[in-house]
Structure formats: C-alpha cells, structure tokens
Amino acid sequence: MNLVRVFLTAAFLASTAMLSHAVEAKEAPVALDGNCAVCLVNGKKIVKGKPEYKVVFDGQTYLFPSEKVKQEFEASPEKYVPALKGDCTVCYAHHDGHRNPGTIDHISFYQGRVFLFPNEQIKAVFDKAPPKYSDVDLACDGKCIVCKVDGGKDVPGKAKFTAIHKGMRYQFPSEAVMQKFQASPDKYISQLKADTSTSSTTDAASQLVSVTGTTGCAACQFGVHPKQDPGELGLAVKSEDGKIYVIEGAHKSHPSLYDSRFESLKVKVKGKEIASKGNFVWLTPQSIETVK
C-alpha cells in the first residue's frame, strides 16, 4: 500500500511540474524588455520592473518596480502601453500594415505616448514628422466600430473611451459601447472587415481607371508591395496629382517595362482598381502604353 501511495505521489508531482512548465511556456511575452511602462511615460526613464509586480495586458506581460506603480498602470493601461504594442509605426505606415517590432533601445516620446523603432534611422524618420505616424494605430479613423457594425453609422469616438486590442486603439462615444466591444472584440473586427471587403470589391469591380504618370519601384521608392504578388517589388506609376498606382502582375505581363521601372518612364495605364489606401491605389492593368 505504501509503495502504491509513493508511486501515486510521485506521478502527481511529475504531472504538476509538467503543467507548471506548460503554463510558463504559454505566458505572455514580457513587454519593453521588462522595463516599467509607467516610468517611461511619466518620467521618460528606463526603470527595470520586478516579476512579482506584473500585469498581463493585450497579450503582453508588463513589469513594474512596485505595487503602487503596478496599480497606476492597472487604472488606465491604455495610457501607458507603447504605440502599436511596441511595433514600429513608421514601418506599419509604409509597408501596408506590416508589423515590425521596435526595441527599447530606439525610443521616442510624443504627446505622452511611447513609440519604439527597430533602429535609429527609422526613429529619425518618425522624429522628423511625428504627426504623420503617431496615429497609425488608431482604428477606424477614431470612429466607433460598434456603431458601424451594429447600426451602420459613422459615430466619432472619444479619447477617454479607448480600448486597446492587438496594439490598435479603438475609440467609442461612451463607456457602455466600449464595454460592448471589449466583451467580443474579434466579432466586431471580423464583421467590419467582411463588410468593408464586400463594399470595396463591389466598388472596385465597377471602377475602370486611366492614369498617366512616371514609373518607379513600388517597394523601393514608396514602401508598398503588390497585393497579389507581395513577394515582388512591384511596378509603381506616380501620377501628376501625387497618387501612387501599384500595377499588379507587371513583372509577368510587361517584363521589359518592369525591368526599366527605375528609369522614370512616362506611361499611360488603364485598369481596374482592386484596392486603395490613402495615397495608394492597386490596379489590375488592361493596357500599359509608353507615352512619348
């Protein structure tokens, strides 16, 4: 009987240890290299946190030097977390939403927020024009996603009702609406994407575009890639009004022109718009002609 009890006890301890390791393996990664987010925002100081004072927020573990500072973070975490969950806002803006992690070694402060970058060169781009990059993490242009999905209305949100989800800031007109989003954020995000995709596809299908401009490299010069072949650098056409048209499949349909895209050739493109974002438009070409 004693041997059985010893065996069962040993088995229990072993399974407990395995479970403990599994939980540790699944723990949210430590944010800011373990430095205190509150200290960064309030004092612009890098202060190491302690494992005994930790908070898991938006999939990351934040460490603090004391219980008091930890509680300050818990009271309003959206005030202290780094922009875009610590990813580079400049990279996000120039690479069509690509998430590239920043580091605590390359940090900027703007309007009470913390921004991280992968190197000093990209940090310098942000520092030169922070308003251009500081709100790339503001979802729906600051409008209420719940109001849009549930009621089809564009309702401006308020900064004091901000929820963070996967590094993006969502704003709402009231706390009640914000809590509705927080209860099931993925539901609203996926529904909005589905609605937007349907709308964009319908609009783009009927929109035939004709544009004249000069050629260039989409990725090298403008930081964007084709939608259908994102591994390609892409052919871009910059129109006189400053818009950038990314020509889908040009490396296959017009290989000679594609190889000469750095020569700033003047061309006329006709095609269907498949997507647009800000100053960028993606076209499936029907014809491309060189203009003399």
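Please treat every number below as a calculation from the coordinates, not as lab data. This structure is a prediction, so every number in the text was calculated from the model and none was measured. Neighbour counts are summed over all protein chains in view; Cβ atoms, including those assigned to glycine, are modelled from backbone coordinates with ideal geometry.
General observations
- If you model the chain as an ellipsoid using its alpha carbon gyration tensor, with each semi-axis the square root of five times an eigenvalue, the axes come out at 45, 23, 22 Å, biggest first.
- Cα-based Rg of the range 82-136 normalised by 2.2 N^0.38 Å, two decimals: 0.93
- Among the cysteines of the chain, those with no neighbouring cysteine Cβ under 4.7 Å are CYS140.
- Taking only the alpha carbons of the range 153-292, we obtain Rg and Dmax values of 19.2, 61 Å in that order.
- Fully extended contour minus Cα-Cα distance, from ALA183 to GLU78, at 0.36 nm per residue: 36.1 nm
- For ALA176, neighbours were defined as the other residues whose beta-carbon sits under 15 Å from its Cβ, and their charges (Lys and Arg +1, Asp and Glu -1) total +1.
- Sites excluded, GluC sites (Glu not before Pro) in DSSP loops with at most 12 other C-beta within 10 Å, longest stretch of the chain: 28-239
- PHE57 long-range amide H proximity, modeled H, under 5 Å: TYR62
- Proportion of all alpha-carbon pairs of the range 49-117 beyond 14 Å (%): 62 percent
- Each principal axis of the Cα atoms in the range 138-201 has its own extent, and those three values, largest first, are 34, 22, 18 angstrom.
- A helix-only calculation puts the chain at -11000 deg cm²/dmol for mean residue ellipticity at 222 nm, using -39500 (n - 2.57) for each DSSP H run of at least four residues, averaged over all residues.
- Full-stretch length increase - LYS68, LEU192 - with 0.36 nm per residue and alpha-carbon distance subtracted: 40.8 nm
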